[in-house]
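Below is one structure, written out as structure tokens; comments come after it.
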Amino acid sequence: MFTAAIFDMDGLLIDSERPIMAAWIEAARTLDIELSHAQYLQCVGLAMAESKQILAALLGGAAAYQHAAAQVTAALQLERADGDVRPLFPIKRGAAELLAALRGRGTRCAVASSSGRGQIAACLGSLDVLHHFEAFAGGDEVARAKPDPALYLLAAERLGVDPAECVAFEDSENGAKAALAAGLRVVIVPDLKHPPAAITERAFHVLDSLHEAIAHVPRWFPVPLERLA
């Protein structure tokens with residue numbers, strides 16, 4: 001049915017949204033501001049410029065935002081003060097197993113993430129899954145972020161695959177919109193913020209975890225003919 005799979009990263013392959021939210025809430029407290037979960041969720045799935053604007057307004061201005069952002073960056077750094085290097089964020093349940101299953105069938109995989117290419121390499125490299133991907137498209141390589149289709153179109157182009165032959169794995173509303181606009185089918189695996197019904201109704205499938213997708217691999221991703229010869 002599909003010849004390639006293109007994955008979002010944050011909130012989909014890696015459990016980044018929760019620690020990032022926790023870091024922002026803690027940074028806000030140092031400014032004597034109680035940033036609620038509901039307030040922070042306004043930023044989930046948005047481009048960095050849009051989320052920065054929202055957070056700056058919630059925190060009291062650009063200076064407060066910069067102060068909090070520095071604390072968040074320090075809290076989430078890959079190399080800890082004791083020199084112990086550990087994964088920046090934990091991998092989501094089923095992600096490594098799904099990627100291995102796709103690789104075993106010869107299914108081509110790519111990443112289309114609003115994070116920059118350097119962040120993609122750091123996060124996925126630290127979790128030993130970077131080798132599963134043939135192509136990457138980062139938010140620092142396109143003029144418009146999700147829900148614009150540019151990231152998915154770039155990822156499909158780098159794979160050399162027609163978008164109609166690809167399935168996108170996404171957790172957010174904007175990500176799903178981007179993939180649909182690019183002509184991909186979408187499997188939604190909600191994370192912190194469940195996409196609205198108007199989006200989930202257009203999805204190819206909605207799953208609770210990537211682990212659930214493993215059972216669908218044989219039907220969704222036929223083995224390429226050249227591997228059967």
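The values are calculated or read from the model by the stated rules, or taken from the named source; none is laboratory data. All values derive from a computational prediction rather than experimental measurement. No Cβ is skipped: glycine too gets one built from the backbone with ideal geometry, and neighbour counts run over all protein chains shown. Surface areas here come from the heavy atoms of the whole protein model, side chains and all, with no ligands, DNA or RNA. Shrake-Rupley method; radii C 1.70, N 1.55, O 1.52, S 1.80 Å.
A few notes on this one:
- GNM remark for the chain: springs join alpha carbons under 10 Å apart, and the peak mean-square fluctuation among Gly94, Gly45, Gly61 falls on Gly61.
- Diffusion coefficient of region 26-149 by Stokes-Einstein, Kirkwood radius over Cα pairs, 37 °C, 0.692 mPa s: 196 µm²/s.
- Cα point-scatterer Debye curve for region 75-201, base-10 log of I(q)/I(0) at q = 0.09, 0.15, 0.16, 0.23 Å⁻¹: -0.27, -0.74, -0.84, -1.51
- Taking the DSSP bridge list for the chain and keeping only pairs wholly inside it, about 10 percent are antiparallel.
- For Arg108, the residues whose amide H sits under 5 Å from its own are Ala5, ignoring neighbours fewer than 5 places away on the same chain, with H placed 1.01 Å from N.
- Extending 7 Å from Cα along the Cβ direction at Gln53 and again at Ala100 yields two label points whose distance is 4.4 nm.
- Distant-in-sequence amide contacts of Ser172, defined by a placed amide H-H separation under 5 Å and a gap of 5 or more residues or a different chain, comprise nothing.
- With Cα atoms, 0 to 90° folded angle of helix 48-59 axis to the chain main axis: 30
- If the segment from Ala198 to Leu130 were pulled out straight at 0.36 nm per residue, it would be longer than the present Cα-Cα gap by 21.2 nm.
- A Förster radius of 22 Å combined with the Cβ-Cβ distance from Ala74 to Ile33 puts the calculated FRET efficiency at roughly 0.75.
- Accessible-area composition of region 95-229, carbon plus sulfur, in percent [1.4 Å probe]: 50
- Point-charge dipole on Cβ atoms (K/R +1, D/E -1) for the chain, about Cα centre, debye to 20: 360
- Here the Gaussian network model covers the chain, with springs between Cα atoms less than 10 Å apart; of Pro195, Pro218, Pro163, Pro218 fluctuates the most.
- Computed on region 12-136, with alpha-carbon pairs under 8 angstrom and 6+ residues apart, the relative contact order is 26 percent.
- Backbone geometry of region 119-135 corresponds, through the Karplus equation with coefficients 6.51, -1.76 and 1.60 at θ = phi - 60°, to 3J(HN,Hα) couplings of 5, 4, 5, 5, 5, 6, x, 5, 9, 6, 10, 4, 5, 6, 10, 8, 8 Hz, x marking Gly and Pro.
- Region 196-213 - phi-based ³J(HN,Hα) in whole Hz, Karplus 6.51/-1.76/1.60, Gly and Pro as x: x, 4, 4, 8, 5, 5, 8, 6, 5, 7, 10, 10, 7, 7, 5, 4, 5, 5
- Whole-Hz couplings from phi, Karplus 6.51/-1.76/1.60, listed for region 176-193; x for Gly and Pro: 5, 4, 4, 5, 5, 5, 7, x, 8, 7, 10, 9, 9, 10, x, 10, 5, 10
- Over region 92-229, relative contact order from alpha-carbon pairs under 8 Å, at least 6 apart, %: 25
- 0 to 90° range, to nearest 10: angle between helix 17-29 axis and the chain longest Cα axis: 10
- In the elastic network of the chain, a GNM with C-alpha springs shorter than 10 Å, the most mobile of Ala112, Ala68, Ala215 is Ala215.
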